[in-house]
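Shown next, in structure tokens, is the structure this report addresses.
The values are calculated or read from the model by the stated rules, or taken from the named source; none is laboratory data. The shown structure was predicted, so the numbers you read here are calculated from the model rather than taken from an experiment. No Cβ is skipped: glycine too gets one built from the backbone with ideal geometry, and neighbour counts run over all protein chains shown. Side chains included, ligands, DNA and RNA excluded: accessible areas come from the protein's heavy atoms. Shrake-Rupley method; radii C 1.70, N 1.55, O 1.52, S 1.80 Å.
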Amino acid sequence: MNALELIESFSEFKEFKNIDRETMMNILQDVFRSMLKKKYGSDDHIDVIINPDKGDVEIWINREIVPDGEVEDENLEISLSDAIKIEPDFEVGEEVAEEIKLGDFGRRNVLSLRQNLISRILELEKDHIYKKYKERIGEIITGEVYQVWKREILILDDEGNELILPKSEQIPSDYFKKGEAIRAVVARVDLRNNSPIIILSRTAPEFLERLFELEVPEVFDGLITIKKIVREPGERAKVAVESYDDRIDPVGACVGMKGARIHGIVRELKNENIDVINYTNNDKLFIQRALSPAKITSIELDEGNGRADVFLKPDQVSLAIGKGGHNIKLAGKLTGYEIDVYREGAEDIEDVDLDEFTDEIEEWVIEELKSIGLDSAKAVIELDKEELIKRTDLEEETIDDILQILRSEFE
């Protein structure tokens with residue numbers, strides 16, 4: 001391989017990886033000098049001249065002319081008789097600059113030089129990628145699905161860099177095929193065996209925040225501030241927003257006319273239910289808003305212990321808790337309070353706890369009813385059958401049997 005081929009192979013790499021010319025020349029200098037040091041022991045008496053534009057590499061060795069028979073180190077000295085073959089006018093004590101051809105190093109050395117060159121470029125590229133994505137943590141990026149595995153998805157960015165979206169960072173209902181475009185946020189950058197591993201996420205709160213910035217100009221411009229986001233990816237999210245401009249309705253601006261703005265976000269998050277809430281420093285009011293769509297009757301706060309007792313009408317309890325308990329769980333995370341829900345009014349002495357029916361109703365069915373906030377017989381009976389079917393995963397026939405058992409208790 002000649003010098004031109006070496007340069008051209010590097011230039012192809014340079015174009016692909018976008019390495020600047022100055023850095024390219026420095027790498028070439030270092031690699032050539034490393035080879036020269038191994039061959040000659042030192043490179044102090046050697047000049048390396050590189051012209052990346054023409055693909056030329058010139059290597060000149062400088063040696064002192066000594067009388068014939070007095071050469072002690074052929075790398076540093078040349079005899080007078082050999083020197084005058086190069087230039088007849090040379091004299092003892094002068095310095096001779098003689099060009100060394102790349103072919104003089106032998107095929108093995110040239111291949112080793114090329115390998116060192118590629119290795120240095122790869123190291124530089126790894127460092128470039130690491131720094132680039134370290135600065136982009138929290139930013140949203142778009143890539144192309146290259147490979148789908150059981151535990152992760154391999155994604156390529158627009159420069160061909162490999163990014164990883166682990167299963168744990170995917171929305172449960174996410175499904176992507178090779179070649180599809182995918183959006184995610186840069187969660188972190190790890191180093192494995194000195195190679196940067198860029199980890200993406202679609203479940204992080206930052207992903208939802210970036211989507212709001214893309215869809216809502218007022219958020220992007222800072223006119224609306226997102227105070228906090230909590231999520232159960234793919235199920236539900238609560239977003240507390242605030243505006244310092246009284247003329248701007250932060251909730252309305254985020255939702256958009258007929259939900260136009262938030263619809264795109266919901267679609268991206270696989271129909272995740274998003275509650276946009278007006279932030280306030282009033283803890284009671286904030287808890288009330290966080291438990292939406294349930295209507296609260298009253299709230300008792302224990303600020304010292306971070307607890308809130310919330311009282312609601314029986315038909316609002318299941319709304320406050322939400323399917324799978326997501327609503328009350330997210331409301332607690334959003335407000336910072338541990339929320340307990342109670343039905344309004346004194347305890348009905350004629351009511352019966354659902355646990356008393358374990359001999360007639362299977363325990364898993366009772367747990368299903370409790371999960372939507374129904375812990376007593378009357379709480380179940382007071383809801384319409386259609387509402388029970390809608391809010392639980394129970395079959396209509398099962399609901400009929402439950403209602404019959406519970407109603408017979410009060411006949």
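Compute the acute angle (0 to 90°) between the alpha-carbon long axis of helix 396-408 and the principal axis of greatest extent of the alpha-carbon atoms of the chain; round to the nearest 10°.
Compared with the principal axis, the helix lies near 40 degrees.
If I fit a long axis through the Cα atoms of helix 107-134 and take the longest principal axis of the Cα atoms of the chain, what angle between them do I get, 0 to 90°, rounded to 10?
So the inclination is approximately 30 degrees.
Suppose the chain between Ser168 and Glu362 were pulled fully straight at 0.36 nm per residue; how much longer would it get relative to their current alpha carbon spacing?
66.5 nm
For segment 266-334, compute Rh as the Kirkwood radius over C-alpha pairs and then the Stokes-Einstein diffusion coefficient at 4 °C and 1.567 mPa s; write the answer in µm²/s, rounded to an integer.
Values: Rh = 12.8 Å.
It comes out at roughly 101 µm²/s.
Let me see the pair-distance distribution of segment 115-156: every alpha carbon pair, 10 Å bin width, integer percents in order.
The calculated distribution, bin by bin, is 23, 33, 37, 8.
As a test of the definition: which semi-axes, in Å, follow for the chain when you take the square root of five times each eigenvalue of its alpha carbon gyration tensor? Largest first, please.
Semi-axes (√(5λ), whole Å): 77, 22, 18.
Here is the link list: Lys270/Lys323; Lys177/Lys227; Lys238/Lys284; Lys228/Lys390; Lys228/Lys370. Which ones come out longer than 25 Å on Cα distance?
Working: Lys270/Lys323 17 Å; Lys177/Lys227 35 Å; Lys238/Lys284 17 Å; Lys228/Lys390 30 Å; Lys228/Lys370 29 Å.
From the list (Lys270/Lys323; Lys177/Lys227; Lys238/Lys284; Lys228/Lys390; Lys228/Lys370), the Cα-Cα distance tops 25 Å for Lys177/Lys227; Lys228/Lys390; Lys228/Lys370.
How far, in nm, would the chain grow between Phe220 and Ser292 when pulled straight, counting 0.36 nm per residue and subtracting the alpha carbon separation?
Details: separation 72, 0.36 × 72 = 25.92 nm, distance 2.59 nm.
This chain segment gains 23.3 nm when fully extended.
Have a look at Asn161, Asn305, Asn327 and tell me which one the Gaussian network model of the chain (Cα, springs below 10 Å) gives the largest fluctuation.
Greatest mean-square fluctuation among the candidates belongs to Asn305.
Return the ratio Rg/(2.2 N^0.38 Å) for segment 65-183, where Rg is computed over Cα atoms only.
Values: Rg = 29.0 Å, N = 119, 2.2 N^0.38 = 13.5 Å.
So segment 65-183 has a normalised radius of gyration of 2.14.
Can you report the principal axis dimensions of segment 173-242 using only the alpha carbons, biggest first, rounded to whole angstrom?
Per principal axis, max minus min of the Cα coordinates gives 44, 28, 22 Å.
Which angle from 0 to 90°, rounded to the nearest 10, does the C-alpha axis of helix 3-17 make with the longest principal axis of the chain?
Taking the Cα atoms of the chain, the angle to 3-17 is about 20 degrees.
At a Förster radius of 41 Å, what calculated FRET efficiency corresponds to the Cβ-Cβ distance of Ser42 and Glu139, to the nearest 0.05? It would help to have the intermediate numbers written out before the result.
Values: r = 48 Å, r/R0 = 1.18.
After rounding, the FRET efficiency stands at 0.25.
Let's test this: bin the Cα-Cα distances of segment 222-367 at 10 Å from zero up to the farthest pair and state each bin's percent.
Calculated over all Cα pairs of segment 222-367, the distribution is 10, 33, 32, 17, 6, 1 percent.
Which order do Arg192, Arg33 take by accessible area at a 1.4 Å probe, largest first? Could you put the intermediate results ahead of the total?
Working: Arg192 130, Arg33 60 Å².
Solvent-accessible surface, decreasing: Arg192, Arg33.
How large is the helix-only mean residue ellipticity at 222 nm for the chain, computed as the sum of -39500 (n - 2.57) over DSSP H runs with n ≥ 4, divided by its residue count, in deg cm²/dmol to the nearest 500?
Numbers: 15 runs with 159 residues, N = 411.
It lands at -11500 deg cm²/dmol.
Keeping the other protein chains in place, figure out the carbon and sulfur percent of the accessible area of the chain, with a 1.4 Å probe. Let's see the in-between values first.
On the way: 10310 of 23450 Å².
Roughly 44 percent of what the probe reaches on the chain is carbon or sulfur.
Between Met25 and Ile197, what is the FRET efficiency for a Förster distance of 22 Å, r being their Cβ-Cβ separation, to the nearest 0.05?
Working: r = 31 Å, r/R0 = 1.39.
E(calc), rounded to 0.05, equals 0.10.
Suppose the chain between Ile86 and Val148 were pulled fully straight at 0.36 nm per residue; how much longer would it get relative to their current alpha carbon spacing?
Taking Ile86 through Val148 to full extension adds about 15.8 nm, to one decimal.
With r as the distance between the Cβ atoms of Tyr244 and Glu396 and R0 = 60 Å, compute the FRET efficiency 1/(1 + (r/R0)^6) and round to 0.05. Each step should come with its number before you reach the end.
Details: r = 51 Å, r/R0 = 0.85.
Result of the calculation: an efficiency of 0.75.
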